[in-house]
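Below: the structure, in structure tokens.
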Amino acid sequence: MNLFKAILERRSVRAFTPETVPDEVVESILGAARWAPSAGNCQARDFIVVEDPRVKKALSEAALDQRFIEAAPITIVVCANERRSAHRYGRRGRELYCLLDAAAAAQNLLLAVHALGLGGCWVGAFDDSQVGKALNLPPWLKPVAIIPIGYPDEKPWTPQRRPLKDHIHIDRYDRKPV
Ligand SMILES: Cc1cc2nc3c(=O)[nH]c(=O)nc-3n(C[C@H](O)[C@H](O)[C@H](O)COP(=O)(O)O)c2cc1C
């Protein structure tokens, strides 16, 4: 799929058919996530693939009862690996870079999900310690995004974006400052 098409047409999908996601598709999705940029190429992010209905239920509960997590055939939890980043960058690695590494991977992952004809949603509203407990995470893995994935059972509406001019501030020497 053309990259711009994928970027513009990707939507958060929160309803899934029960069809399972084949292992090779999961591998392709994770392969795309793995190639996202990262600070110093430390790749301070890890991925937990969850299929067990009990664990998905625990994740739903940890995420303010967002039940579509439980209903998805698989859920991938993208975690920041604080230890890996702190090893090279100290406090900045632990407090910032690993989160950015994980976020970049999550975005690649969502685009790959869409390009492969599946749907997913970045879920960020959750209790960190409840997620940690559900997944038995070591203390240096911080969950950043819970991403339920499956074949779409809805055609989501398109939430509008702010006009580009609201985001862009150009200060060039040959132009008047905006
Ligand atoms: C950091 C972050 C946290 C989010 N948390 C949630 C969430 O907890 N539940 C949810 O349904 N969607 C969540 N979303 C998805 C956004 O609601 C969605 O991306 C936004 O409304 C734009 O819609 P679109 O993804 O279809 O373009 C989150 C997205 C991001 C980037």
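Summary table below
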read-out	value
Qualifying residue in segment 27-38 (condition: more than 19 Å from A6 (Cα to Cα), of a type in the set (A, V, I, L, M) and touching a residue at least 24 places away in the same chain (Cβ under 8 Å))	no
Single match in L135, L141, L64, L110 (criterion: within 16 Å of the ligand (Cβ to nearest atom) and within 21 Å of Q43 (Cβ to Cβ))	L110
Count of segment 112-143 residues which are of a type in the set (A, V, I, L, M), under 19 Å from V13 (Cβ atoms) and either over 17 Å from the mean Cα position of the chain (by Cα) or crowded, with 20+ Cβ neighbours inside 10 Å (or both)	4
The one condition in (1) without any contact (Cβ under 8 Å) to a residue 60 or more places away in the chain; (2) among the small types (G, A, S); (3) surrounded by fewer than 21 Cβ atoms within 10 Å (Cβ to Cβ) that A104 fails to fulfil	(1)
Residue within segment 127-135 that is hydrophobic (A, V, I, L, M, F, W, C), within 23 Å of T17 (Cα to Cα) and out of contact with any His (no Cβ under 7 Å at 6 or more places or on another chain) present	no
Qualifying residues in segment 1-51 (those that are assigned to a strand (DSSP E or B) and aromatic (F, W, Y)) - the one nearest to the ligand (Cβ to nearest atom)	F16
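Throughout, read-outs are computed from the coordinates displayed, never taken from laboratory work. Not measured: the values here are computed from a predicted model. Quick reminder, even Gly has a Cβ in these numbers, built from the backbone with ideal geometry, and neighbours come from all protein chains shown.
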